Amino acid sequence: MALIEIEDLHVAVAGKDVLKGLSLAIEAGTVHAIMGPNGTGKSTLSNVIAGREGYDIKRGRIVFAGRDLLAMPADERARAGIFLAFQYPVEIPGVSTSAFLKTAINAKRRAAGLSEIDAMEFLKLVKAKCKALGVADDMIKRPLNVGFSGGEKKRAEVLQMSLLEPRFAVLDETDSGLDIDALKVVSAGVNALRGPESAFLVITHYQRLLNYIVPDQVHILSGGRIVASGGRELAERLERDGYAQFQTAA
């Protein structure tokens with residue numbers, strides 16, 4: 001049984017149809033990648049999964065771990081194990097990264113019926129994760145993402161993901177604007193979280209990310225639906241031949 005199953009999803013944004021019958025099933029323990037040109041609905045899909053407002057879901061369903069995901073508010077989805085790594089992470093002035101992380105961890109612990117993490121345990125946990133991911137200790141003292149470089153923002157997101165240990169994580173063009181060193185750090189963080197109980201959906205334009213996060217399946221999104229699926233070689237073919245052949249299929 002799939003950890004997350006999307007069936008015949010139709011979504012409009014500002015009156016324009018964007019997703020037009022997208023279906024996709026992702027099993028626990030796997031990494032799937034979606035590639036496609038701009039404007040085909042990749043970010044729309046990620047935002048709908050996360051529960052962002054402003055999207056008109058006209059038809060279809062998403063089932064996550066046996067639950068109707070579309071009936072759940074965004075915060076409930078997060079507590080249930082959905083995580084979205086943004087293409088452009090949001091800056092939150094006045095809220096330190098450490099305070100944000102502790103609040104998120106405790107929200108998830110409360111939802112699981114656990115006691116809140118104490119300050120010393122939290123500090124020990126965060127320091128260990130920062131060391132493993134190459135995140136500077138002073139970064140967690142700064143306001144969340146404020147003044148962060150592109151690479152620092154993505155490292156902070158991987159740190160969040162590492163601490164929250166989501167069951168299903170969507171990486172929405174997380175490689176955008178990263179240099180090779182930051183790309184390796186982000187990829188190492190994702191690979192460290194791969195396991196039999198979790199799954200990932202990696203959304204990207206470029207095959208280079210998939211050299212580091214090797215997917216089990218690659219899907220081509222064009223015209224609002226999946227038009228081709230295959231192994232890693234599909235991404236290599238796309239890099240070589242471009243999107244034109246798939247746009248014709250759409």
Check: Does any residue of region 104-115 turn out to be under 24 Å from L193 (Cα atoms), among the aliphatic types (A, V, I, L, M) and touching a residue at least 60 places away in the same chain (Cβ under 8 Å)?
Finding: yes
Item checked: S222 being more than 25 Å from I92 (Cβ to Cβ), among the polar types (S, T, N, Q), touching a residue at least 40 places away in the same chain (Cβ under 8 Å) and in contact with a Phe, Trp or Tyr (Cβ under 6 Å, 6 or more places away or on another chain) -> yes
Notebook entry, point to check: How many residues, within region 48-62, are free of Cβ contacts under 8 Å to residues at least 60 places away in the same chain and either aromatic (F, W, Y) or surrounded by 16 or more Cβ atoms within 10 Å (Cβ to Cβ) (or both)?
Noted result: 5
Note to self: Being touching a residue at least 12 places away in the same chain (Cβ under 8 Å) and within 13 Å of the chain's Cα centre (by Cα): is that true of I140 here?
What the structure shows: no
Notebook entry, point to check: Considering A80, A65, A85, which residue is touching a residue at least 60 places away in the same chain (Cβ under 8 Å), within 20 Å of K154 (Cα to Cα) and surrounded by 14 or more Cβ atoms within 10 Å (Cβ to Cβ)?
Noted result: A85
Checklist line | Yes/no for D8 being acidic (D, E) and part of a strand (DSSP E or B) | finding: yes
Item checked: Residues being farther than 23 Å from I180 by Cβ and assigned to a strand (DSSP E or B) - total across region 202-250 -> 11
Note to self: Quick check on region 155-172: of everything there that is touching a Phe, Trp or Tyr at 6+ places or on another chain (Cβ under 9 Å) and more than 15 Å from I82 (Cα to Cα), which residue is modelled with the highest pLDDT?
What the structure shows: A156
Note to self: Name the single residue that is surrounded by the most Cβ atoms within 10 Å (Cβ to Cβ) among those in region 148-201 being charged (D, E, K, R) and assigned to a helix (DSSP H, G or I).
What the structure shows: K154
Note to self: Residues to consider are T97, T40; find the one that is over 22 Å from L163 (Cα atoms), touching a Leu at 6+ places or on another chain (Cβ under 8 Å), at pLDDT below 95 and among the polar types (S, T, N, Q).
What the structure shows: T40
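The values are calculated or read from the model by the stated rules, or taken from the named source; none is laboratory data. The model shown is predicted, which means the values in this text are computed figures rather than measured ones. All Cβ positions, even for glycine, are placed from backbone atoms using ideal geometry, and neighbour counts span all protein chains on display.
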